[in-house]
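Beneath this line is the structure, given in structure tokens, with notes to follow.
Throughout, read-outs are computed from the coordinates displayed, never taken from laboratory work. Quick caveat, the model's predicted, so the values are computed rather than measured. Glycine gets a Cβ as well: all are built from the backbone with ideal geometry, and neighbour counts include every protein chain shown.
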Amino acid sequence: MEEGTLQDKEVLDLIKKYNVLLKSQVYAYFGQERAVGRALKRLEKDNRIGSSPVTKMVYLNENSYAARDEGTLQAFWVLISLMKKRTVSEHFLADRDEYPVRIIFVSGEELFDILYIGLNDVKLVNSVFQRKCRDSCSNIIAVPDLSVIEKVSLPAIGYCLVKGDGEVEYYTKS
């Protein structure tokens, strides 16, 4: 996409798809700083989105902002990182009943899940998700701390840690 061709609709569609994103994630996703900034300003001026100067987030409405999920924000950074490495043909927010899966995406003929497992979620996830794990899907597991990796007993093609600036580091289980 060339500079200046980004449409407000594309930015709005992304925010609608995920409900709440960091502004820096929207910029990283589209990679067009000026065009993204202009689109965000127009959408906010038209009351189609909201934004928080404190958290630096953009959101669809107050309810979605109040219900924002840190795991989904972390998983979105992983998606952006993976989009730089491979072609992603489709991606979407997972349903709540697919917990701890946050984002599902398709690359080539493969279906991938991006999971987020918090420090206090390991035991629950190991017991509950193990039973509903799909064989046809590859799991990429984002964690808040490297110590979580050794505690997780789910099949995964890789693990990752998202740093504060959105940088993603990838790991495998030893």
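For every residue, the table says whether it meets (1) farther than 25 Å from residue 16 by Cα; (2) under 14 Å from the mean Cα position of the chain (by Cα).
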| site | (1), (2) |
| --- | --- |
| 61 | no, no |
| 93 | no, yes |
| 104 | no, yes |
| 107 | no, no |
| 128 | yes, no |
| 138 | yes, no |
| 141 | no, yes |
| 147 | yes, no |
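Residue check: residue 83 meets all listed conditions (1) under 13 Å from the mean Cα position of the chain (by Cα); (2) buried (at least 20 other Cβ atoms within 10 Å of the Cβ) but one, namely (2).
Report those helices (runs of 4 or more DSSP H) wholly inside region 36-154 carrying at least 1 residues which are out of contact with any Phe, Trp or Tyr (no Cβ under 9 Å at 6 or more places or on another chain) and among the acidic types (Asp, Glu).
Values: elements: 62-66, 70-83, 122-132, 147-151.
Those helices (runs of 4 or more DSSP H) span 62-66, 147-151.
Do the conditions hold for residue 6, that is, is it hydrophobic (A, V, I, L, M, F, W, C), surrounded by 17 or more Cβ atoms within 10 Å (Cβ to Cβ) and either in a loop (DSSP other than H, G, I, E, B) or touching a residue at least 60 places away in the same chain (Cβ under 8 Å) (or both)? Yes, satisfied.
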